[in-house]
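Novice: Just dropping this structure here.
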Amino acid sequence: MPELFIDSTWRPAAEGGRREVVNPYDGEAFTTVDEASAPDAEAAVLAARRAFDTGPWPRTGVQERSALLRRVADLLERDREEIARTETLDTGKTLVESRIDVDDVAAVFRYYAEQVLVEVDRTVDVGRDDVVSRVVHHPVGVCTLIAPWNYPLLQMSWKVAPALAAGNTVVLKPSEVTPLSTVHLVRLLVEAGVPDGVVNLVLGAGSAVGPVLTEHPAVDLVSFTGGLETGRAILRSTAQTVKRTTVELGGKNPQLVFADADLERAADTVLTGVFLHAGQVCSAGTRLIVEESIADELVARVAERARRVRLGNGLDEGTESGPLVSAVHREKVEGYVRLGLQEGARLVTGGRRPADPDLARGFFYEPTIFDGCDRSMRLVQEETFGPIMTVERFRTEAEAVELGNDTAYGLAGGVQTGDDERGERVARALRHGTVWINDFGPYVPQAEWGGMRMSGNGRELGPAGLAEYRETQHVWRNTKPAAADWFKG
Ligand code: TXE
């Protein structure tokens, strides 16, 4: 079955393009998919436009839209194991992580199935008895939804569930590196009964299909998650037609650890916060900022555990971390390791590909820790998106907060301390979209996710994640119209 879904038809690419899909565990191409080019993107946009302008979906009642989202959640749960396997083959992440991802995706659909029922239209008291003033909401229109490769289905669900709940029509563009789980999701959306033209799927390189999907005047909204440079390009593309544009562009996330924290638990939280999914997480806590008096001890404990992380095939039950997503991405990570050494950072552990011959064909990299870092280093300031942690030291709380905020990004941060008041104080002083106290990483569909500064704009999840996909309109009705007599002539 072809993999592009345009105007309610599964079809091959107009120009016949195909792309190999590579398993990062062994570097083998295990399947191929259709590879779209600009004409496919154009057809998808126009189909979504027609469905929005003349189809039933934007005018369907919220109960019906809510029911469709619930059906999708049920189908995701039915196909949980198959989707999780696909995600592991595509990304290299462990099956345990992939299963959690599918559960989270279903939870997002269920959350927006409920949230869309919350009444947001409101009557405004304008202080006059001859006026009825209402603020009402509409879907925005045609939405281009572009997702990255680290959480392919999860990131897409944060966009497509609220977009559909609000009554929009969509064009989905997963990363060309990890397209398969989104193909599966589109099949489920069709099975759940989404009307013709409402959901369209375009697979292909961002450079080939991106310009059409982000510049086309028939598109009203673009939601993007990915790298900073691509995000900037997308903001430039959408500026011409002044589209509503939401971008989530990663982070350089600090983990602050105070001397009064429980050292063993702190080490565990730091380790998971940075090395989960080989550091390919936009909120990975890659910057350890630790109170000087415990720094050596904490770094030693984290390093000792980092050396024991079991790398391997994501499909094997004993594996704790998979490979990086691609050869190209590993080269980027290796470039940062070389840079760190040049900048004078001291390598504590890792800094190389694993010696195990069983892992030689995959894109593996050892968990890596650099001590002796400071904020002037590019290694400390730039997103490496790999298993690399840098260590900086502080003496006072004010210094810790200042370091934690000394980044162009602002997505997430953590503070570990035995003092609850300090935890709350520091959390509020950190200029990051999410802050964890004595934890690192959890999120829920009910709470907004997104960045400050160069981590992006707008929010996903929570009520704000639905508001992104709604237009607000003020309707003023004069019930006793009379001449204003403003102009006397
Ligand atoms: O991402 P891209 P890349 C960061 C991470 C990584 C870097 C580059 O630091 O090393 O980004 O990764 C689509 N118009 N993050 O190059 O290019 C592309 O096809 C429209 C952080 O792999 O940003 C894919 O679907 N779309 C991040 C999506 O953009 C375009 C997660 C993301 O790819 C396009 C991933 C264009 N001109 C990487 N060019 C996070 N925030 O979590 C590309 N795309």
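Novice: Here is a list of conditions, (1) out of contact with any Ser or Thr (no Cβ under 6 Å at 6 or more places or on another chain); (2) among the aliphatic types (A, V, I, L, M); (3) buried (at least 22 other Cβ atoms within 10 Å of the Cβ), and Ala261 meets all of them except one; can you say which number that is?
Specialist: Failed condition: (1).
Novice: Restricting to region 256-274, name every residue that is more than 16 Å from the ligand (Cβ to nearest atom) and of a type outside the set (A, V, I, L, M).
Specialist: First, pick out the residues of region 256-274 that are more than 16 Å from the ligand (Cβ to nearest atom): 256-272.
Of everything in region 256-274, those that are more than 16 Å from the ligand (Cβ to nearest atom) and of a type outside the set (A, V, I, L, M) turn out to be Phe258, Asp260, Asp262, Glu264, Arg265, Asp268, Thr269, Thr272.
Novice: I want to confirm something. Restricting to region 205-216 and keeping residues that are assigned to a helix (DSSP H, G or I) and more than 8 Å from the ligand (Cβ to nearest atom), which single residue is most open to solvent (accessible area, probe 1.4 Å)?
Specialist: Ranking the qualifying residues of region 205-216, first place goes to Glu215.
Novice: In region 234-250, which residue that is away from the ligand (no atom under 11 Å from the Cβ) and of a type in the set (S, T, N, Q) is surrounded by the fewest Cβ atoms within 10 Å (Cβ to Cβ)?
Specialist: Here is the first cut: in region 234-250, the residues away from the ligand (no atom under 11 Å from the Cβ) are 239-246.
With the extra rule that they be of a type in the set (S, T, N, Q), the set shrinks to 240-241, 245-246.
On the way: Gln240: 10, Thr241: 13, Thr245: 20, Thr246: 22.
My answer is Gln240.
Novice: Right, another one. Anything in region 331-347 that is under 24 Å from Gly27 (Cα atoms) and either under 27 Å from the mean Cα position of the chain (by Cα) or open to solvent by less than 30 Å² (accessible area, probe 1.4 Å) (or both)? List them, or say none.
Specialist: Glu331, Lys332, Val333, Glu334, Gly335, Tyr336, Val337
Residue by residue, here is whether (1) buried (at least 22 other Cβ atoms within 10 Å of the Cβ); (2) assigned to a helix (DSSP H, G or I); (3) touching a residue at least 24 places away in the same chain (Cβ under 8 Å) holds:
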residue: Ala163; (1), (2), (3): yes, yes, yes
residue: Val177; (1), (2), (3): no, no, yes
residue: Val190; (1), (2), (3): no, yes, yes
residue: Asp196; (1), (2), (3): no, no, yes
residue: Asn200; (1), (2), (3): yes, no, yes
residue: Leu203; (1), (2), (3): yes, no, yes
residue: Ala218; (1), (2), (3): no, no, yes
residue: Val222; (1), (2), (3): yes, no, yes
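Novice: Being within 22 Å of Thr32 (Cβ to Cβ) and of a type in the set (D, E, K, R) narrows it down to one of Lys159, Lys173, so name that one. It would help to see each step written out before you state the result.
Specialist: Working: Lys159 fails: within 22 Å of Thr32 (Cβ to Cβ).
Within the list Lys159, Lys173, the selection yields Lys173.
Novice: Looking at region 374-400, which of the residues that are away from the ligand (no atom under 16 Å from the Cβ) and touching a residue at least 40 places away in the same chain (Cβ under 8 Å) is nearest to Thr269 (Cα to Cα)?
Specialist: For region 374-400, the residue satisfying everything is Val391.
Novice: Any idea how many residues of region 4-25 are more than 13 Å from Ala44 (Cβ to Cβ) and among the charged types (D, E, K, R)?
Specialist: Looking only at that region, the number is 4.
Novice: Just one of the numbered conditions (1) of a type in the set (A, V, I, L, M, F, W, C); (2) within 16 Å of the ligand (Cβ to nearest atom); (3) more than 18 Å from Glu448 (Cα to Cα) is not true of Val126; which one?
Specialist: The number of the failed condition is (2).
Novice: Check region 183-198 and report whether any residue there is aliphatic (A, V, I, L, M), within 7 Å of the ligand (Cβ to nearest atom) and touching a strand residue (DSSP E or B) at 6+ places or on another chain (Cβ under 7 Å).
Specialist: no
Novice: Still on this structure, I have one more. May I ask you to verify whether Arg338 is farther than 13 Å from Pro387 by Cβ and free of Cβ contacts under 8 Å to residues at least 24 places away in the same chain? Outline the logic, then answer.
Specialist: On the way: farther than 13 Å from Pro387 by Cβ: yes; free of Cβ contacts under 8 Å to residues at least 24 places away in the same chain: yes.
Yes.
Novice: Give me a count of the residues in region 458-489 that are open to solvent by less than 60 Å² (accessible area, probe 1.4 Å) and out of contact with any Asp or Glu (no Cβ under 8 Å at 6 or more places or on another chain).
Specialist: Residues flagged as open to solvent by less than 60 Å² (accessible area, probe 1.4 Å) and out of contact with any Asp or Glu (no Cβ under 8 Å at 6 or more places or on another chain) within region 458-489 amount to 4.
Novice: So, Leu117, is that one surrounded by 20 or more Cβ atoms within 10 Å (Cβ to Cβ) and at pLDDT 95 or above or not?
Specialist: On the way: surrounded by 20 or more Cβ atoms within 10 Å (Cβ to Cβ): no; at pLDDT 95 or above: yes.
Answer is no for this residue.
Novice: Moving on to the next point. So if I check each of Thr407, Thr384, which one is closer than 25 Å to Phe363 by Cβ and either in contact with a helix residue (DSSP H, G or I) (Cβ under 9 Å, 6 or more places away or on another chain) or part of a loop (DSSP other than H, G, I, E, B) (or both)?
Specialist: Every option except Thr384 fails the conditions.
Novice: A further question on this structure: Can you name the residue in region 134-161 that is under 10 Å from the mean Cα position of the chain (by Cα) and surrounded by fewer than 23 Cβ atoms within 10 Å (Cβ to Cβ) and is also farthest from the ligand (Cβ to nearest atom) among such residues?
Specialist: Leu154
Novice: Restrict the check to region 286-297 and report whether at least one residue is more than 23 Å from Gly465 (Cα to Cα), in contact with a strand residue (DSSP E or B) (Cβ under 6 Å, 6 or more places away or on another chain) and hydroxyl-bearing (Ser, Thr, Tyr).
Specialist: Within region 286-297, one or more residues are more than 23 Å from Gly465 (Cα to Cα), in contact with a strand residue (DSSP E or B) (Cβ under 6 Å, 6 or more places away or on another chain) and hydroxyl-bearing (Ser, Thr, Tyr).
Novice: Taking Gly344, is it farther than 16 Å from Thr286 by Cα, in contact (Cβ under 8 Å) with a residue 24 or more places away in the chain and not hydroxyl-bearing (Ser, Thr, Tyr)?
Specialist: So Gly344 passes the test.
Listed here are the residues, each with its yes/no results for (1) away from the ligand (no atom under 16 Å from the Cβ); (2) in a loop (DSSP other than H, G, I, E, B); (3) farther than 28 Å from Gln416 by Cβ; (4) open to solvent by 10 Å² or more (accessible area, probe 1.4 Å).
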| position | (1), (2), (3), (4) |
| --- | --- |
| Cys282 | no, yes, no, yes |
| Gly285 | no, yes, no, no |
| Asp316 | yes, yes, yes, yes |
| His329 | no, no, yes, yes |
| Phe363 | no, yes, yes, yes |
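Novice: Could I ask something else about it? Taking the criterion of being part of a helix (DSSP H, G or I) and more than 21 Å from Val257 (Cα to Cα), would at least one residue in region 416-433 satisfy it?
Specialist: no
The values are calculated or read from the model by the stated rules, or taken from the named source; none is laboratory data. Here the structure is a predicted model, which is why all the values come from computation and not from measurement. No Cβ is skipped: glycine too gets one built from the backbone with ideal geometry, and neighbour counts run over all protein chains shown. Side chains included, ligands, DNA and RNA excluded: accessible areas come from the protein's heavy atoms. Shrake-Rupley method; radii C 1.70, N 1.55, O 1.52, S 1.80 Å.
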